[in-house]
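Okay, structure first, notes after.
The values are calculated or read from the model by the stated rules, or taken from the named source; none is laboratory data. Keep in mind that this is a model prediction, so the values were computed, not measured. Cβ sites come from the backbone with ideal geometry, for glycine too, and all protein chains shown count toward neighbours. Ligands, DNA and RNA are excluded from the accessible area calculation, which covers all protein heavy atoms including side chains. Shrake-Rupley method; radii C 1.70, N 1.55, O 1.52, S 1.80 Å.
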Amino acid sequence: MKSPFTVSRIISRLKKYPFREYLSGWILSRKFSRHGILIATGGRPFPKVINKGGKLTAGNCQFYSGVRLEIGKQGYLEIGNGSYLNRNTLIVCEESVSIGKNCKIAWDVIIMDSDLHPIASSPILHKPVQIKDEVWIGCRCIILKGVTIGQGAVIAAGSVVTKNIPPFTIWGGAPAKFIANVNTVESPFFALQ
Amino acid sequence: MKSPFTVSRIISRLKKYPFREYLSGWILSRKFSRHGILIATGGRPFPKVINKGGKLTAGNCQFYSGVRLEIGKQGYLEIGNGSYLNRNTLIVCEESVSIGKNCKIAWDVIIMDSDLHPIASSPILHKPVQIKDEVWIGCRCIILKGVTIGQGAVIAAGSVVTKNIPPFTIWGGAPAKFIANVNTVESPFFALQ
Amino acid sequence: MKSPFTVSRIISRLKKYPFREYLSGWILSRKFSRHGILIATGGRPFPKVINKGGKLTAGNCQFYSGVRLEIGKQGYLEIGNGSYLNRNTLIVCEESVSIGKNCKIAWDVIIMDSDLHPIASSPILHKPVQIKDEVWIGCRCIILKGVTIGQGAVIAAGSVVTKNIPPFTIWGGAPAKFIANVNTVESPFFALQ
């Protein structure tokens with residue numbers, strides 16, 4: 001029995017989360033076009049998907065209570081393996097939002113690729129948001145349209161991100177400004193000092 | 001049959017929103033001193049009005065779930081025709097908050113005309129908030145007491161507004177700063193760059 | 001009958017809050033190691049304590065709906081007499097968070113003494129948060145690890161506090177900056193201008 005899928009291995013993996021979180025995740029997964037194993041954690045309000053005709057894919061991901069995914073007609077929201085969205089995180093995807101692998105998205109985060117409304121007589125603007133692998137977004141951040149966040153970047157709590165963030169850097173504030181590089185700083189939040 | 005209120009016209013208008021949103025809006029409207037047709041959208045938690053004896057009027061307005069209106073004894077909260085308050089928006093009105101016509105108030109916005117508490121031995125300060133017609137307030141903004149926001153102004157997501165905002169300008173940040181004029185900018189959020 | 005605990009005095013004190021708030025507070029108090037009279041105000045969602053093995057003490061305190069206290073294995077969260085936490089306030093305590101007496105913590109406040117995640121290969125950083133007596137924290141503030149807020153200080157709405165705040169001063173913004181002294185300013189929010 002060299003197969004990696006022995007019964008004991010499956011059982012030990014299943015024990016990582018309570019059974020009800022797999023069950024909730026499975027119910028949630030039916031709103032996804034393509035998906036791995038989804039875990040829905042934290043009870044009510046259950047994560048909510050409002051899909052007006054777009055595409056929604058996820059790897060093995062965890063969604064906490066109150067998460068809300070709004071996908072427009074032309075929207076394509078993609079969440080990579082090993083990433084999670086913590087409580088009450090909201091993603092508005094009218095065109096394209098891609099979240100990489102092993103991203104940590106904290107609670108109360110808002111990610112939007114659209115203004116949702118026009119300014120004066122201009123058309124409504126959408127610009128894709130890209131969040132690369134291993135990005136950590138602190139609680140209550142707002143990530144606005146057109147932003148690319150590079151691999152391994154860290155966004156401090158309460159930031160509003162309106163510019164591209166280079167990989168392995170730490171940014172914070174409203175609007176977010178450069179704080180430090182990942183390797184030269186003790187802690188992203190403290191660095192805000 | 002020249003009357004604008006033909007049966008077919010009424011029916012087509014009623015179809016704009018689901019019937020339950022009119023019904024919820026009608027239940028909500030009983031907390032208003034004067035009101036047009038109110039629409040309550042988005043289910044629970046139902047919009048909440050906590051009126052300690054003030055006055056609350058609205059035109060034809062839409063309120064999303066989680067909206068909370070707190071009106072003090074001397075408060076006068078007025079919301080113009082065609083405006084909406086999105087999810088979880090909170091208005092604290094101890095003296096006077098007036099919102100104009102066709103305003104777009106996004107989700108998680110806080111509007112307060114009072115500090116609610118005194119500083120040291122001073123009295124509690126209230127100053128009226130005026131939001132003129134066609135103002136667009138982005139998600140998760142905080143509008144503090146004494147602020148007047150001019151017609152057609154746009155407040156970028158996540159801003160804290162502590163000063164008067166001139167008409168047809170775009171402001172953002174915490175505290176909010178001038179970004180651009182409405183006619184000269186591609187998009188208010190992008191302009192934050 | 002010189003005793004201060006005459007029946008009439010007890011009754012008048014009990015009348016300050018509805019009976020159900022005492023009852024909810026008593027249910028809540030069973031999650032505390034040591035506590036005075038707790039009041040749980042505002043109905044659902046009921047305040048939530050997630051204690052992984054730490055210590056949680058409070059004097060006579062008031063907790064509004066949606067408050068969430070997360071105490072880690074080594075955490076010690078202490079809340080002084082006469083303080084309250086308003087709606088949806090979140091405290092994350094992995095090491096030590098102490099809140100003094102008569103503090104006013106407004107709604108949607110986040111207080112964290114930990115990053116909760118490591119940066120790169122560093123260990124996860126915790127640093128104690130101290131909030132001294134009579135501090136007033138405005139709505140939707142974020143107080144980050146290692147911060148001491150001096151007695152009687154005022155933090156304006158929507159601020160992100162990353163530095164120590166001296167006593168009797170007013171700070172605001174993201175990140176928070178000095179605005180004024182408590183005795184020289186008309187109002188903390190207006191002072192942000």
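Remarks
- Per residue accessible area in Å² of the stretch B:127-182, where ligands, DNA and RNA are left out and the probe is 1.4 Å: 28 Å²
- One residue of chain A places its C-beta nearer than any other to the axis carrying A onto C; that residue and its whole-Å distance are A:A174, 2.
- Neighbouring Cβ atoms from other chains, within 10 Å of the Cβ of residues in B:131-139, number 2 on average.
- With a Förster radius of 30 Å applied to the beta-carbon distance between C:N81 and B:I50, the computed FRET efficiency rounds to 0.65.
- The mean count of C-beta atoms from other chains within 10 Å of the C-beta of residues in A:110-120, rounded to a whole number, is 5.
- The phi torsions of the stretch B:37-53, fed into the Karplus equation with coefficients 6.51, -1.76 and 1.60 and a -60° offset, translate into couplings of 7, 9, 10, 10, 10, x, x, 8, x, 4, x, 10, 10, 10, 10, 8, x Hz, rounded to whole numbers, with Gly and Pro shown as x.
- Shown here are the Rg and Dmax of the Cα trace of chain C, at 17.5, 67 Å.
- Label spacing, shortest first and in nm, from A:K48 to its equivalents in the remaining copies (7 angstrom along Cα→Cβ): 1.6, 1.6
- Buried between C and A is an accessible area of approximately 2100 Å², summed over both sides with a 1.4 Å probe.
- Over chain B, Cα pairs under 8 Å with separation of 6+ residues give a relative contact order of 11 percent.
- With the label put 7 angstrom out from Cα along the Cα-to-Cβ vector, A:P18 ends up 2.9, 2.9 nm from the copy partners, going from closest to farthest.
- Plainly put, the tip 7 Å out from Cα toward Cβ on C:S122 is 3.8, 3.8 nm from that tip on each other copy, the closest given first.
- Here the stretch B:51-165 carries DSSP beta bridges of which approximately 5% are antiparallel, counting only pairs with both residues inside.
- Each helix, a run of at least 4 DSSP H residues, gives -39500 (n - 2.57); summed and divided by the residues of chain A, these come to -3000 deg cm²/dmol at 222 nm.
- DSSP beta bridge pairing in the protein assembly as shown, given as percent antiparallel to the nearest 5: 10 percent
- Over all Cα atoms in the stretch A:56-141, the spread is summed up by Rg and Dmax: 12.9, 42 Å.
- Seen from B:Q74, the other residues with C-beta closer than 11 Å to its C-beta sum to a net charge of 0, counting Lys and Arg as +1 and Asp and Glu as -1.
- Cβ-based net charge around C:N51, under 9 Å, with every Lys or Arg adding one and every Asp or Glu removing one: +2
- For C:R30, net neighbour charge (Lys/Arg +1, Asp/Glu -1) across residues whose Cβ lies under 15 Å away: +4
- Beta bridges by DSSP in chain C, antiparallel share as percent, to the nearest 5: 10 percent
- Whether the protein assembly as shown is rounded, prolate or oblate, judged on the alpha carbon gyration tensor where a/c under 1.5 counts as rounded: rounded
- Note on C:N181 and C:K73: the extension gain reaches 35.1 nm, defined as 0.36 nm multiplied by sequence separation minus the Cα-Cα distance.
- Each residue of the stretch C:84-97 was assigned a 3J(HN,Hα) from its phi angle through the Karplus curve 6.51 cos²θ - 1.76 cosθ + 1.60 (θ = phi - 60°); the sequence is 9, 10, 7, 3, 6, 5, 10, 10, 10, 10, 9, 10, 7, 10 Hz, with glycine and proline shown as x.
- Highest-first packing order for the peptide set C:162-173, C:14-25 is C:162-173, C:14-25, based on the mean count of other beta carbon atoms within 10 Å.
- Peptide B:154-166 shows a mean partner chain C-beta count of 5 within 10 Å per residue C-beta.
- Once the Cβ-Cβ distance of C:S122 and A:R20 is raised to the sixth power relative to R0 = 35 Å, the FRET efficiency obtained is 0.50.
- Put simply, the amide H of B:I79, placed in the peptide plane, has neighbours under 5 Å in B:T57, B:A58, B:G59, B:I99, leaving out anything fewer than 5 places away on its chain.
- 0 to 90° range, to nearest 10: angle between helix C:19-29 axis and chain C longest Cα axis: 60 degrees
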